[in-house]
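Values quoted throughout were computed directly from the atomic coordinates according to the rules given, and no laboratory measurement underlies them. Model, not experiment: these values are computed from the prediction. All Cβ positions, even for glycine, are placed from backbone atoms using ideal geometry, and neighbour counts span all protein chains on display.
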Amino acid sequence: MTRKLFIFELLMIAVAIIATVLLYPHLPVHVVTHWGMNGQPNGFSPKGALWMLGPGVLILILLLGAVLPWLSPRRFGVENFRSTYNFIMLAVFLMMAYCYSIILWAAAGIHVDVARFVIGGACLLFAAIGNVMSKVRRNFYIGVRTPWTLSNERVWYATHRFAGKCFVVAGLLGLALALAGAQIVPIVMILAGALAPVIYSLVFYKQLEHRGEL
C-alpha cells in the first residue's frame, strides 16, 4: 500500500467516525441495516452496531490491504501487479464507505432509494474491477481463483482476459438497468458475469489437456 493511499483511507475512516459521532445522539435506538429486494427494511440492529458496520469494516479492509501482500507465498505474491491490487482494494474500500453512507442517511431519516443505489454501486464496482482484471497475476486473494487457473498460468491469463470483458459488460448493463429501476435483472447479470469465467477456465483447461498442451 502506498503512503498516499494509506493516508487517504485513514482520512475516509476519520470522516466515517466523525459522521457517526455527530449523528449518533439523534438516531433511534434501532436502525435499519438490511433491506429486501423491494427496497423495504427487513433487518434492524442496535445503533451501536454502526461502529462495526462503518469504521470497523473500513479499518478491516485497510488492514487486509496492507497485510495480504505480506502473507502471500512465494511465486503467488502481488508485487508484480501491485498498482492493480491497490486499485481493487481501494475500489472495495470505497464501495463499503458508500454503503455505510447510505445506512447513515437512512438512519437519519433521509429518504434513500436503497435498492437502486446499492445495486447500482455494486454494478459500478463490478465494471471497475473488470477494467483491470486482465492485469491481475496469479495469487490467492484476487481474481478468478479456480483449480484450473491456479494450476496453469496460460489458463489464468486467458480466463482473466475473458473475465474482464464479462465484468465490464455485465457491470455497465446492470448499472443502466439499476438506474432505470430494475432490481433483480442487474443482480442476475452480475452473477452470470462472475460465473461465466469460472466455466470458461474449466473448458479452456480441458481443451489444452485434450490437445496435450499442459
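Over the chain, dividing the summed -39,500 (n - 2.57) contributions of all DSSP H runs of at least 4 residues by the number of residues returns a 222 nm mean residue ellipticity of -22500 deg cm²/dmol. Each semi-axis of the equivalent ellipsoid for the stretch 69-111 is √(5λ) with λ an eigenvalue of the Cα gyration tensor; in descending order they amount to 35, 9, 5 Å.
Normalised by the number of residues in the stretch 113-214, the mean separation of alpha-carbon contacts (under 8 Å, six or more apart) gives a relative contact order of 34 percent. A simple rule links phi to the HN-Hα coupling: the Karplus curve 6.51 cos²θ - 1.76 cosθ + 1.60 with θ = phi - 60°, which for the stretch 207-214 gives 5, 5, 4, 5, 7, x, 9, 9 Hz, with x for Gly and Pro. A straight Cα-to-Cα reach below 25 Å connects residue 206 with the lysines 135, 165, residues fewer than 8 places away in its own chain not being considered.
From the largest down, the stretch 71-192 spans 50, 28, 21 angstrom on the principal axes of its Cα atoms. One way to sum up the overall shape of the stretch 19-125 is the equivalent ellipsoid from its Cα gyration tensor, whose semi-axes run 32, 16, 11 Å, largest first. In this entry, the chain is assigned a mean projected area of 12.9 nm², taken as a quarter of its C-alpha convex hull surface.
Relative contact order of the chain: 18 percent, from C-alpha pairs under 8 Å at least 6 residues apart in sequence. Ordered by the count of other Cβ atoms within 10 Å of each Cβ, fewest first, 105, 70 give 70, 105. Where in the chain is the longest stretch that carries no trypsin sites (Lys or Arg not before Pro) classed as loop by DSSP and with at most 12 other Cβ atoms within 10 Å? That gives 76-210 as the longest site-free run. How far is helix 153-179 tilted off the main Cα axis of the chain, in degrees rounded to 10, range 0 to 90? Helix 153-179 sits roughly 30 degrees off the main axis of the chain.
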